[in-house]
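See below for the structure under consideration.
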Amino acid sequence: MISIDLGDITILDCDAIVNAANKTLLGGGGVDGAIHRRAGHKLLAECRTLGGCETGEAKITKGYNLKAKYVIHTVGPIYSSQKNQASLLANCYKNSLDLALKHDIHSIAFPAISTGVYHYPLEEATKIAISTVKTWLDMHKDYKLDIIFSCFDEKTYNMYQRYLEA
Ligand code: AR6
């Protein structure tokens with residue numbers, strides 16, 4: 001099942017929340033900063049052991065002080081005119097979902113990856129997020145997974161609503 005939530009991803013009570021991180025996995029601004037602040041310093045300590053993460057890839061840690069048991073850290077593309085932007089962004093969703101399956105995660109919340117500091121145009125990013133997730137769910141019909149798109153502002157929420165209804 002896919003749903004949308006307007007608000008802060010760090011307070012969601014689900015098995016995993018996804019972090020829109022950078023390649024260092026050592027924290028930053030935006031949703032990354034918010035997740036690290038609420039999870040506490042042990043999250044950073046675990047992230048230091050991971051050796052960073054390539055764009056489009058995903059790595060998993062515990063959630064520490066979060067309600068979520070796990071954080072899945074993925075690195076979205078920094079928007080530019082490069083041709084492979086869309087597939088890199090799609091990989092973030094796909095690889096995060098593959099990790100969820102591997103770790104028996106049955107509810108996962110995604111922020112709008114790359115649409116903040118990384119400046120991916122919201123409408124394009126929303127279409128990629130929704131189509132990638134729907135394709136993954138279609139390919140894993142026997143696995144029960146609730147997916148929440150966590151939208152931090154109304155503009156993002158309205159965009160997800162529009163494309164989920166379409
Ligand atoms: N809950 C849900 N969504 C949030 C929250 C929150 N607490 N805070 C922000 N957002 P961004 P990016 C939304 O910039 O574009 C960091 O410095 C935000 O409004 O967090 O992938 C990393 O370290 C936007 O809709 O991520 C990287 O260097 C969405 O999350 C870089 O930013 C993504 O915005 C990654 O940039």
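The values are calculated or read from the model by the stated rules, or taken from the named source; none is laboratory data. Only a predicted model underlies this, so the values are computations on that prediction, with no experimental measurement involved. Using ideal geometry, Cβ is built from the backbone for each residue, glycine included, and neighbour counts are taken over all protein chains shown. Accessible surface is based on the protein model in full, side chains and every heavy atom, while ligands, DNA and RNA are left aside. Shrake-Rupley method; radii C 1.70, N 1.55, O 1.52, S 1.80 Å.
Reachable lysines from Lys62, Cα under 18 Å, same-chain residues fewer than 8 places away excluded? Candidates past the 8-residue exclusion: Lys42, Lys102. With the simple model of a label 7 Å out from the Cα in the direction of the Cβ, Leu44 to Lys127 spans 4.0 nm. A protection proxy built from the mean count of other Cβ atoms within 10 Å ranks the segments 87-96, 133-142, 39-48, most packed first, as 87-96, 39-48, 133-142.
Per residue, segment 22-137 exposes 47 Å² of solvent-accessible protein surface, assessed with a 1.4 angstrom probe and all protein chains in place.
Of all aspartates and glutamates in the structure, those lying under 12 Å Cα to Cα from Lys69, and not within fewer than 8 positions of it along the same chain, are Asp13, Asp15, Asp104. Tell me, rounded to the nearest percent, the portion of alpha carbon pairs in segment 29-141 spaced more than 18 Å apart. Roughly 51 percent, rounded to a whole number. With a simple spin-label model that places each label point 7 Å from the Cα along the Cα-to-Cβ direction, the separation between Lys23 and Tyr143 comes to 2.8 nm. Set the Förster radius R0 to 25 Å, insert the Cβ-Cβ distance between Ala86 and Asn158 as r into 1/(1 + (r/R0)^6), and round the FRET efficiency to 0.05. Efficiency, from the Cβ-Cβ distance: 0.70. Projecting label points 7 angstrom from Cα along Cα→Cβ for Ser3 and Val117 puts them 3.0 nm apart. The portion of the accessible surface of the chain made up by carbon and sulfur, rounded to a whole percent, is 53 (1.4 Å probe; DNA, RNA and ligands excluded). Dividing the alpha-carbon radius of gyration of segment 8-69 by the rule-of-thumb value 2.2 N^0.38 Å gives 1.00. Treating each Cα of segment 82-166 as an identical point scatterer and summing with the Debye formula, the log10 of I(q)/I(0) at q = 0.12, 0.16, 0.26 Å⁻¹ comes to -0.34, -0.61, -1.42. Can you flag which of Lys59/Lys94; Lys59/Lys144; Lys23/Lys94; Lys94/Lys144; Lys23/Lys141 are past 23 Å Cα-Cα? Over 23 Å Cα-Cα: Lys23/Lys141.
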